Amino acid sequence: LIKGNIGQLVVLDELDGSGCTVIANTHIYWDPDKSEVKVFQVDTFLEEIESLVNRLGEQTSVVFAGDLNSPPDSAVYELLSTGALTPGIHDEIGQDTHSVLDSCRLSHGLSLRSSYTCIGSEPAYTNYTANFVGTLDYVWYSHANLICVAVLEVPEEKDILADSAQGMPNRRRSSDHIAVMAEFSRAK
């Protein structure tokens, strides 16, 4: 279930002592046929983040970013955006043949929002290859105490294809993923 993927947590204290921010970063398993592994990994990481936030106190903000290898219509996205996974909705996790999700909470209390929704919706793509075009990368944040003030614009399709008809990676873009970035301010 670990599949060699990682998660990192860093706590940044406010200089004025008014609280702190947990920065969480991860890379989730890639295989589209193993959605239950992705849900397990994200659920486990969210449990660790929530445990840390509970220890640090209610003035703690969260920024959770990473390559989640899950599109906006996935179970992973629903878990992050709504705080819970609705049973029976996502066919892709119905094939949990090893019952890995039986040990999961499939919920969290972090009240997260995707940063790109501050401009209306997720980008059309954060991954652009000859075999796949879609959104897999996100920057989530705790909207109760952070305000998303800006996001990095995603390059236009014509700019991506200008260097290679195959998309990415190419001579100008060394990854098949597009950088995502958000700027936040603290809510008063």
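The values are calculated or read from the model by the stated rules, or taken from the named source; none is laboratory data. Not measured: the values here are computed from a predicted model. Positions of Cβ are generated from backbone atoms using ideal geometry, with glycine treated the same way; all protein chains shown enter the neighbour counts. We work out accessible area using only protein heavy atoms, side chains counted, and drop any ligands, DNA or RNA first. Shrake-Rupley method; radii C 1.70, N 1.55, O 1.52, S 1.80 Å.
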Q.
At 1.4 Å probe size, with the rest of the protein present, what percent of the exposed accessible area of segment 84-188 is carbon and sulfur atoms?
A. 50
Q. How long is segment 103-186 along each principal axis, judged by its Cα atoms, biggest number first, in Å?
A. 43, 36, 20
Q.
At 1.4 Å probe radius, can you tell me the per residue accessible area of segment 21-177 in Å²?
A. 49
Q: Using only the Cα atoms of segment 1-103, each taken as one equal point scatterer with no solvent, compute I(q) by the Debye sum, divide by I(0), and report log10 of the ratio at q = 0.10, 0.11, 0.13 Å⁻¹.
A: -0.31, -0.37, -0.50
Q: State the extension gain, in nm to one decimal, for the chain segment bounded by A162 and I119, taking 0.36 nm per residue of separation less the distance between their alpha-carbons.
A: 12.9 nm
Q: Take the alpha-carbon positions of the chain, form their convex hull, and give its projected area averaged over all directions (one quarter of the hull surface) in nm².
A: 11.6
Q) To the nearest 10 square angstrom, what accessible area does E157 show with a 1.4 Å probe? A) 90
Q | Unit charges at the beta carbon, dipole of the chain: most positive-side option, P123, Y29, V151 | A | V151
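To the nearest 20 debye, what charge dipole does the chain have about its Cα centre, counting +1 at the Cβ of each Lys and Arg and -1 at the Cβ of each Asp and Glu?
Details: 12 positive and 27 negative charges, 70 e Å.
With Lys and Arg at +1 and Asp and Glu at -1, about 340 debye.
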Q: With a point put 7 Å past each Cα toward its Cβ, work out how far A84 is from V10 in nm, to one decimal.
A: 3.5
Q) How much length is gained if the chain between A150 and S103 is pulled fully straight, taking 0.36 nm per residue apart and subtracting their Cα-Cα distance, in nm to one decimal? A) 13.2 nm
Q: Taking H placed 1.01 Å from N in the peptide plane, check which residues at least 5 places from H27 or on another chain put their amide H under 5 Å from its amide H.
A: I6
Q | Surface accessible to a 1.4 Å probe, V139 within the full protein complex, Å² | A | 10
Q.
If the rule is a partner Cβ under 4.7 Å, which cysteines in the chain fail it?
A. C20, C104
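How do 92-100, 141-149 rank on mean C-beta neighbours within 10 Å, highest first?
On the way: 92-100: 13.8, 141-149: 17.7.
Highest-to-lowest ranking by the protection proxy: 141-149, 92-100.
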Q: Could you give me the percent of Cα pairs per 5 Å distance bin for segment 1-54, shortest bin first, beginning at zero and ending with the bin that holds the maximum distance?
A: 4, 19, 24, 19, 13, 9, 6, 4, 2, 0
